[in-house]
Amino acid sequence: MGEEKLRAAGFDETATFLANLAPALSSEDAARLCDAVLADHGKIAKPPAAPAPTVNAVDKDESALLCTIPQISLAAPRAKFDVEVREGALQLIGKAGEVVAVVKMSNVLQLLYLAQPSGAQKVKTMIAAVILREPITVGKSSLALVVLSCKDSDKVSVKVASEELCNKMEGAAGYGIISGTPGEVLCKLVAALADTTVEKHNPYCFLSTSREAGVKCNIKSVHDGFLFPTDRGMFFANKFVFLEKESVGWVEFKGSAQRVFDMMVHMKGGEKHEFSMIDKAEQVRLGGDGKSMK
């Protein structure tokens, strides 16, 4: 058997040599010698690479499929997916039709739909965030939220295969059609299925000096983005983080004598989150008077 493999690979002389040694070798030793020769010359194929991790079959949601929102570009996880909306979960579908991630409706803590501060820009960027109770695994990453960013001029329409669900959704048109920006449609569907509400900008909670929902700042002095104070916590967009108000221990303000200031959020569990380079004019609006506060 080993001799045949060697001849097939073009090692005729080695095969003849092995045949002459055959009386002195066991079949197992002959096979090992043959494999060693082939491996040394790269003639044995390497085992195929393990396929990319996907959701285990037991984790996939098998509840009724209500609709699919096609080719949505998510900011977290950063990729384009078809989003299956099922009675029990959202499923992110990859290019090959595989289930990449499952977001159970029971795992949804909160929904946010906010306008990113736009300055003089006429077209607003809308951010939809699904905040999770427990992180999910997507590939090798752990995500505590699913985020979609879209222009307010982007529009989609989907047909929902549930009259009962349509009746629960605000703004659902006849024949089960729901329309809006991709983020708006996603939030409405999840809110109805998870029996929660979509939190939008509440100016009585926070209003920046430029009359926006958030303020520009950095997190960890590296990632620039926008901080949105909400009724239930703080949401930072870019390196996406949500700090639930109930988990915040106290907030410390630094650099009050400068044109910008930093804000350190101390969590009850001991974790710290620093937001820096915030315009001094926003300090009072964020609840700070230059001193530490609880």
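The values are calculated or read from the model by the stated rules, or taken from the named source; none is laboratory data. Because the structure is predicted, anything quoted here is derived from the model rather than measured. Cβ atoms come from the backbone with ideal geometry, glycine included; neighbour counts cover every protein chain shown. What goes into the accessible areas is simple: the full protein's heavy atoms, side chains included, and nothing from ligands, DNA or RNA. Shrake-Rupley method; radii C 1.70, N 1.55, O 1.52, S 1.80 Å.
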Entries in 80/188; 95/239; 220/254 that, when Cα-Cα distance is taken, lie over 18 Å:
80/188; 95/239
Packing-ranked peptide list from 211-219, 259-267, highest mean Cβ count within 10 angstrom first, is 211-219, 259-267
Check cross-link reach from residue 124 to the aspartates and glutamates: straight Cα distance under 14 Å, and skip same-chain residues fewer than eight apart.
152, 154, 184, 212
Tell me, what is the per residue accessible area of the range 192-294 in Å², probe radius 1.4 Å?
56
Computing the accessible area with a 1.4 Å probe over protein heavy atoms, can you report the carbon and sulfur percentage for the range 181-294?
48
